[in-house]
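Shown next, in structure tokens, is the structure this report addresses.
The values are calculated or read from the model by the stated rules, or taken from the named source; none is laboratory data. Since this is a predicted model, take the numbers as computed values, not measurements. Cβ placement follows ideal geometry from the backbone for every residue including glycine, while neighbour counts extend to all protein chains displayed.
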Amino acid sequence: MVMSTLLSAVLFGEGLATGMMLTVMLGPVTMIILRYGLQVNRQAGVWAATGTWISDLVYIGLTFWMTTTIDQWSQQPGIRLKVFLGGGFALLIMGALMLRVKQKSFNAEAEVLPSSYVKAFMGGFLIN
């Protein structure tokens, strides 16, 4: 009983620390929400956050489905090596493509453009 209570407290602490760390992290999702919230209005920021949230749900569902499907498929003899080689090749291609991308300069003096809530939603949805 004491051990399970201690384990629960440790897991709660780890979950809380991970959640707090993820909350403070800045990334492209946070930046797109802030951009729409500051440049357009608060409601556009909410729509961008909603698009990101729905995109995350779709991504989680597809990832779960694909993971279980690939796991079952990879249990067949001779398939596992092909999956590893295909995944490694895909990572090499992605790395090579990322090296070729040029960064665009950011103009902080740009004028505020009117935007629709659909555009804000799609910006949040497609950022993932």
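Observations on the structure shown:
- Some residue of the stretch 89-102 being touching a residue at least 40 places away in the same chain (Cβ under 8 Å) and not hydroxyl-bearing (Ser, Thr, Tyr): no
- Some residue of the stretch 112-121 being within 30 Å of residue 44 (Cβ to Cβ) and either touching a Ser or Thr at 6+ places or on another chain (Cβ under 8 Å) or at pLDDT 85 or above (or both): yes
- Of the residues making up the stretch 1-59, those that are touching a Ser or Thr at 6+ places or on another chain (Cβ under 8 Å) and either farther than 19 Å from residue 125 by Cβ or in a helix (DSSP H, G or I) (or both) are 29, 32, 33, 36, 39, 44.
- Of all the criteria given as (1) under 27 Å from residue 123 (Cα atoms); (2) assigned to a helix (DSSP H, G or I); (3) modelled with pLDDT under 85, the one not satisfied by residue 80 is (1).
- The stretch 50-97 - residue that is surrounded by 11 or more Cβ atoms within 10 Å (Cβ to Cβ) and of a type in the set (Ser, Thr, Tyr) and, of those, farthest from residue 30 (Cα to Cα): 74
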